[in-house]
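To start, the structure itself, in structure tokens.
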Amino acid sequence: MPALLEIRGLSAGLQGRRSITQVVSSVDLDVQRGEILGVVGESGCGKSTLATAIMRLLVPPQVLQSGSMTLRLKDGNTYELLELPETDLRQLRWRHLSYIPQGSMNSLNPVLRIERQMTDTLIQHGLSREEALKRSIAALEMVNLEPRLLDSYPHELSGGMRQRVIIAAAVSMRPALIVADELTTALDVVTQRQLLQELAGIRDELGATILIITHDMGVVAQIADRVAVMYAGKIAELGTVNDIFESPLHPYSQGLIGAIPRAGGHRVEGLPGEAPSPWNYPAGCRFHTRCPHVIDRCRAQTPALLPQGDGRWAACHLYEPEVLSNA
Amino acid sequence: MTANSDASAGDSAAEGQAAGRREVFQYAVRRFGVYLFTLWAAITVAFFVFRLVPGDPMNILLGNLTRAEGRQRDAAAEEAIIAHYREIFGMDDPLPLQYINYLRKAILGGLDLGPSFVEYPAQTKDLVFRRMPWTIGIFTTSVLLAWIVGTGLGALIGWLQRSRLSQLAVVISTLLQITPVYLVALGLIIYVGYIWRILPAGGPYARHLQPEWTWEFISSLLTHAILPMLSNMIVIGAGFTLGMRALMISVLGEDYLTFARAKGLSPFTVLKDYAFRNALIPQVTALAIIVGATLNGTFIIEILFQLPGLGTLFVQAMGLRDFNTMQAVVLFSIFAVLTLTLIVDLALPLLDPRIRRTA
Amino acid sequence: MFYARRGLLIAVLILVMGSLLGSAVAQDEELVFGDLPRSETFIVASQAPHNDVWDSFNYYQAPTYNNATGYANVIVEPSFITSHDFHAWLAQSWEYNEDGTEMTLVITEGANWNDGTPLTMDDWLFTLQYNQENADKGINWSSFLRDVTWSAEGNEIVFSLPEPNWRFHYNFTGIGTFTPVPKHVWEGQDPTTFKNPDAIHSGPYRLVSSNADTRTTIWERRDDYWDPDRMPAPKYMVWLKRPEADVAVFEWEEGNYDLGRMPNSVMIRMMSANPHIKPLVHQDPCPRGLIFNTTVPPLDDNMFRRALGLLLNRQAVANLANVPGYVTPVLWPNLGSPDESYYDAAAAEEFQVTTFDPEAAAALLDEAGYPLVDGARVDKDGEPISLDALYIDIGNPGWTVWAWLLSEQAQLVGIEINPRLLDIPTFLTQGPNGEFDIIFRWFCGNLPGDPIALFEGLHSDYALPIGERTGGVPGRYSNPDMDAIIEQLRTANPASEEAQALFRQAYRLWAEEAPYVTLYGENEGVVFNTEYWTGLAVGQAWVHWTPAARQIIDFLEPADR
């Protein structure tokens, strides 16, 4: 079965006065139908740029440089997302592809009632007013919200409720793919857990595919099927949640997993140093400045994302055959 | 547990609406109280400040007379004139009594603000009411038009901020905004009025006409109004354009704009319901402030275009230290500005639901 | 829909063509202000001061006297005009009895008002009584009737004066003069508030319209004017308030105005753009001078005051103040050629009253006991001298530049003088209140053959405490010798030998004491457009802001076109 979304060689950056600073560098990623794929990484690693690039919501100075994204829907229709004109893209959005933005606490228009904000999209996508209202109520119920909230303004709702409204809005058209960027940031732990459960429930109910983007390994551990670890604009490692948490391959993944506080109070040291900013990504492997296992080759050559068996992928010279054989 | 907490949240939202209505009413009452107090305070300050300005109207009166008669007058004659007019203008009483009399007459006497020097023996009240339509007609209308045009244009060039055309529009607006209104008006008068002779460039209407409901008078009135209104609109409109553009750009960076685009809404809906409506709120406040500021700063246009408005009246009154007229103009200006601010403050909750609760 | 639109288009086209055709036909006779033929209309572009009254034609109201509707010029007529040549107008002559306690005025018979009613002795008697009765209301032309009684017989009015007064006729001959008002209009009216809405006076025009919005008054000549020899040429007169000079310059260049005042700075430009524009220059009857506050040391010392007078470069100030080529030197007490019987030329010479001589000033200061110490003159207490000079800016450089020239010259001899600019109301208040060291003033005393007004204000009666308004020269000057002379002059017949001797004495005292000093004579530049009207000339003695200007409209002749 082909992947729902197939990303190939996706690069995006920031347009400067003379040159483009690359933030996301030739990312290859397949999002499988029905899965929850978590993309994790530190702040500034390019994961949000990746999410907005997938939604094609990049605004200047953010620019898309190269690559392709193919969306294959169940009905057999295939869309090259990067080649679609804006009008077709608008049709696609929300119907098949929806988005829960970063900072979604502020993603509701403060001057419109919730009802208007949920239904205006549905109506523009061809539903009647009654149908749109019905769908909105159904969507609200899906996230355990009372329909009467439709009469409220955003500022009358708590942060968790606003977040749920956003989720409800995002699922109201039963889209194939939902991209959720930093869904739970700024929420308390209890609300976080509820939301994640609801999101998982939605996936089960709608059969939707969810791409969840977060800096929080805990979120990934709770909800994701597979995890893509991003570092400095590139995918460092890709695998199932179990594999990555049990036996991370990439030294960066190892560091991330080690940094999670665990029950029992025992805490492994975090990664030394700071992630490089897009303006000074190091040559060779971008992680070599912080890597405890750095070898000469890391400073010179960029490692490719290579399959490591069992559906696992890693971009690290340590796992390249000739290095392994030398060891 | 989850369902429970959300149900109660819904209840509180409904209760909140009822409470909100109550609060809006309390807000309106409180706001009106503040309005009355400010009005009184401003009038009081104006009353005393004007009387602290050096210069006695009687001396100006006599200065004019001496020159008119072309000779030295005898002292007794001067005393008689001074005594008479001091009495008419109520200037012999001690200041606190003058103040009380002023308020008493103004409030109980049906806005009796005393006689004026500028157009003696006309009553100050009549003078202000006769001049007021010009100020309101020309300036308030042009500020409103400038606001509408500037807001629309600013929203558009903010929305299309990266296109070359809107960058050009920003440059032009900035240039116009920093140009003194005097230069704009004079430029229009010289070029449009005299060199190209497209429109009349002075006076409220043709000099031989009298106000009446004839097409000749009305068309004359309208053509004479174009240039002064345009002068005002160009400068103020440029300011509104730049202001709205900045507001628009800051709104465009908001999360709800990204979300609106992600929802697949048409650009027009995003512009209208999401960007424009939010940027509009501070722009409405700006309108109230600008109207207040221009009302007092319009006399340059009134003088250049020879319009019989309140601005020229105030300048004339100041030159004669005609306290009654100065006060009446200030009174009217304060009244107009405060009323406008009140209207805007009371109207803002309609535009911005957040204010209904927080006020 | 389509047809309706086409119909509209055709209608618009017809309208446009019709109006073009109409304007082509009308080109034969240029019309202004609606339907007034330009060649029969005289347009005065006035520059009204702050008063802005367009609906009141009241000769009595002190606050509104000085307005721009032209009523004082086109409908108010004087008893006599004496400012240049003698012209009998509403009255024919006057005569005093032997001791100056009675004056007989012969009035002109056969005059009428501009509503057609005859102007009779009844009107004169009504006006005299009306003015006297309303004197306490502070109206113009009333105070001179205090304690005066009169009787009429035929065309003569005999005034009985409470004490000898040889100047009573000045109230009928001055620049501003007593003039009768129509009894049938004014009877029962309050002179301070009545607006005389139909503008009834005896002049050759009647009011067509006056509009406060456009600040325009239109007058039409009447056929029944009482003196056919003085029937003015223009059929219409339009008095309007002109725009700011920056804009008005275009109106002048297009020939839309006939007479008015403009700043000297734009005259040259206007004259080169429109060859019909000529400057008319006439002498302002009130020469300019400086008043010293004689209560402020060292200004209480006449030597010091004279020294300051010597520091004034009057020629430089006059050159700047006047239209180039029309500088009037100040030969006190009168402008122009002085009448030697009233003025002591030897004293003028001796006390150097109009001389600019900084060295003489320095010598005078040394002699008077104001030595230079470390580059600064010190007063009697040894403190450096510092004085303020108050001036106003009305657009004429003469009114401002004197302060700076004086300051510069004073600096050279070691005295600090600080020029201080005041706004007009403050200036007009601080002056009479005596709140100044040195202040600019105009001196209206230019009565031919009788310069009493120049000295009257120096009487110690006017030396009120600082802060109280005085009607005299506000320098608080007090000198028993001067008082004695003034008191004799008040009752003396100015034409008598005795009075002339007193005047020469007063002059010498003034020159020696220098309570105020001369500055310059000002010529007012007036712009005259000769395209439609001629007849006005440089040097004609008239002042356009007073009723004496009634005369100027008689000079006008249609231009040869």
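Counting only protein chain heavy atoms and rolling a 1.4 Å probe, the accessible areas of B:Glu78, C:Glu254 rank, largest first, as C:Glu254, B:Glu78.
At a threshold of 8 angstrom on Cα-Cα distance, excluding pairs fewer than six apart, so keeping six or more, what relative contact order does chain C reach in percent? 19 percent. For the stretch A:89-156, what does the alpha-carbon gyration tensor say about shape, rounded, prolate or oblate, given a ≥ b ≥ c as the root eigenvalues, a/c under 1.5 as rounded, and a/b over b/c as prolate? Taking the square roots of the gyration eigenvalues as a ≥ b ≥ c, the stretch A:89-156 is oblate.
Per residue of B:187-196, other chain Cβ atoms within 10 Å of the residue Cβ number 2 on average.
Taking a ≥ b ≥ c as the square roots of the Cα gyration tensor eigenvalues, with a/c under 1.5 meaning rounded and otherwise prolate when a/b beats b/c, else oblate, which class fits the stretch C:407-457?
Since a/c reaches 1.5 but b/c is at least a/b, the shape of the stretch C:407-457 is classed as oblate.
Of the Cα atoms belonging to chain B, the radius of gyration and Dmax stand at 26.2, 99 Å. Residues considered: B:Thr241, B:Thr294, B:Thr135. Largest GNM mean-square fluctuation over chain B, using C-alpha springs under 10 Å, is found at B:Thr294.
Temperature 4 °C, viscosity 1.567 mPa s: under these conditions the Stokes-Einstein estimate for the stretch C:115-180, based on its Kirkwood radius over C-alpha pairs, is 101 µm² per second.
Solvent-accessible area per residue in the stretch C:288-410 equals 41 Å², computed with a 1.4 angstrom probe and all protein chains kept.
Considering only C:Val373, A:Met173, B:Leu342, the residue lying farthest towards the positive end of the dipole of the protein assembly as shown is A:Met173, judged by Cα position with unit charges set on Cβ.
For the protein assembly as shown, the dipole from Cβ point charges (+1 on Lys and Arg, -1 on Asp and Glu) about the Cα centre works out to 8300 debye, to the nearest 20.
Summing Cβ point charges (Lys, Arg +1; Asp, Glu -1) relative to the Cα centre of chain C gives a dipole of roughly 2000 debye.
Our helix-only sum for chain C, with -39,500 (n - 2.57) per DSSP H run of n ≥ 4 divided by its residues, gives a mean residue ellipticity at 222 nm of -8500 deg cm²/dmol. Ranking C:Pro465, C:Phe440, C:Ile452 by how far each Cα lies toward the positive end of the dipole of the stretch C:422-503 (charges on Cβ) leaves C:Phe440 at the top.
For chain A, the share of accessible area belonging to carbon and sulfur comes to 49 percent (1.4 Å probe, ligands and nucleic acids excluded).
When restricted to Cα atoms, the stretch C:269-377 yields an Rg and a Dmax of 18.5, 60 Å, respectively.
Globularity index of the stretch C:98-211 is 1.12 (Cα radius of gyration / 2.2 N^0.38 Å, N = number of residues). Rounded to the nearest 10 degrees, the angle from helix C:497-513 to the longest Cα principal axis of chain C is 70 degrees.
Sort A:Ser48, B:Ser166 by heavy-atom solvent-accessible area, probe 1.4 angstrom, most to least.
From most exposed to least exposed: A:Ser48, B:Ser166.
Solvent-accessible surface (1.4 Å probe) assigned to B:Phe129 amounts to roughly 100 Å².
Using equal-weight Cα scatterers in the Debye expression, the normalised intensity of the protein assembly as shown in log10 at q = 0.04, 0.07 Å⁻¹ is -0.41, -0.84. What total accessible surface area, summed over both chains, is buried at the interface between chains C and B, computed with a 1.4 Å probe and given in Å² to the nearest 100? Using a 1.4 Å probe, the pair buries roughly 5500 Å².
For a quick check, take a GNM of chain B with Cα springs below 10 Å and name the residue from B:Ala246, B:Ala225, B:Ala238 with the largest mean-square fluctuation. In the Gaussian network model the winner is B:Ala246.
Compared with the rule-of-thumb size 2.2 N^0.38 Å for a compact globular protein, the stretch C:358-486 has a Cα radius of gyration ratio of 1.20.
Under a 10 Å cutoff between Cα atoms, tell me which one of A:Pro282, A:Pro272, A:Pro307 has the largest fluctuation in the Gaussian network model of chain A. Per the Cα network of chain A with a 10 Å cutoff, A:Pro272 tops the list. Between C:Glu416 and B:Ile218, the modelled label-to-label distance comes to 6.8 nm, taking each label 7 Å out from Cα in the direction of the beta carbon. Suppose we keep just the DSSP beta bridges with both residues in the protein assembly as shown; what percent of those would be antiparallel, to 5? Of those bridges, close to 70 percent are antiparallel.
Here the dipole of the stretch C:183-307 is about 260 debye; that uses its Cα centre as origin and unit charges on the Cβ of Lys and Arg (positive) and Asp and Glu (negative).
Could you grab the relative contact order for the stretch B:264-359? Cα pairs under 8 Å, six or more apart, rounded to a whole percent.
In percent, rounded to a whole number, it is 30.
Take the accessible area of chain B alone and of chain A alone, subtract that of the pair, and you get about 3300 Å² summed over both chains, using a 1.4 Å probe.
In chain A, Cα pairs under 8 Å separated by at least six residues give a relative contact order of 20 percent. Is any residue of the stretch B:175-197 close enough, with backbone N under 19 Å, to a label point placed 7 angstrom from the Cα of C:Arg269 along the Cα-Cβ axis, and if so, which? Correct set: B:180-197. Please find the FRET efficiency linking B:Arg197 to C:Leu31, where r is the Cβ-Cβ separation and R0 is fixed at 22 Å, and quote it to the nearest 0.05. That pair, B:Arg197 with C:Leu31, gives E of 0.85. Taken over the alpha carbons of the stretch B:319-359 as equal point scatterers, the Debye sum produces base-10 log I(q)/I(0) values at 0.18 Å⁻¹ of -0.59. The accessible surface of the stretch C:285-334, taken with every protein chain in place and a 1.4 Å probe, is 60 percent carbon and sulfur. Computed over the alpha-carbon atoms, chain A gives an Rg to Rh ratio of 0.98, Rh here being the Kirkwood radius from the mean inverse distance. Ligands, DNA and RNA left out, the 1.4 Å accessible surface of chain B is 71% carbon and sulfur atoms.
Computed from Cα positions, the angle between helix C:358-368 and the longest principal axis of chain C comes to roughly 40 degrees.
Along each principal axis, taking the top coordinate minus the bottom one, the Cα set of the stretch C:347-387 gives 32, 19, 16 Å in descending order. Scanning the protein assembly as shown for cysteines with no neighbouring cysteine C-beta under 4.7 angstrom from their C-beta gives A:Cys45, A:Cys291, A:Cys316. Sequence neighbours fewer than 8 away in the same chain don't count; with that in mind, list the aspartates and glutamates whose C-alpha is under 15 Å from C:Lys183. Partners found: C:Asp115, C:Asp122, C:Asp123, C:Glu133, C:Asp198.
Averaged over the residues of C:138-144, the number of partner chain Cβ atoms lying within 10 Å of the residue Cβ comes to 6.
Computed over the stretch C:178-259, the P(r) curve from all C-alpha pair distances, binned at 5 Å from the origin, holds 3, 12, 17, 17, 18, 15, 10, 6, 3, 0 percent per bin. Rounded to 0.05, the FRET efficiency of the B:Leu350 and C:Glu408 pair, given R0 = 45 Å and the Cβ-Cβ distance, is 0.10.
Please report the base-10 log of the normalised intensity I(q)/I(0) for the stretch B:236-359, using a Debye sum with one equal scatterer per alpha carbon and no solvent, at each q in 0.11, 0.18 (1/Å). Rounded to two decimals, the profile gives -0.56, -0.99. A dipole drawn for chain C from +1 and -1 charges on Cβ atoms has a positive end, and of C:Val44, C:Pro78, C:Gln132 the residue lying farthest that way is C:Val44. Per residue of peptide C:205-216, the mean number of Cβ atoms on other chains within 10 Å of the residue Cβ is 5. In this structure chain B gives 44 Å² per residue of accessible area when probed at 1.4 Å with all protein chains present.
If R0 is 22 Å, the Cβ-Cβ spacing of B:Thr179 and B:Leu145 corresponds to a FRET efficiency of close to 0.75.
Modelled spin-label separation between B:Thr44 and A:Glu130, with each label point placed 7 Å from Cα along the Cα-to-Cβ direction: 6.4 nm.
What percent of all Cα-Cα pairs in chain C falls into each 10 Å bin, going from 0 up to the bin containing the maximum distance? Using 10 Å bins, I get a P(r) of 3, 15, 24, 24, 18, 9, 4, 2, 1, 0, 0 for chain C. Our Cα-only numbers for the stretch C:195-318 put the radius of gyration and Dmax at 22.7, 64 Å.
The values are calculated or read from the model by the stated rules, or taken from the named source; none is laboratory data. Predicted model, so just to flag it, every value in this text is computed and none were measured. So basically every Cβ, Gly included, is an ideal-geometry build from the backbone, and we count neighbours across all protein chains shown. Just so you know, the surface numbers come from the protein's heavy atoms only, side chains and all, with ligands and any DNA or RNA stripped out. Shrake-Rupley method; radii C 1.70, N 1.55, O 1.52, S 1.80 Å.
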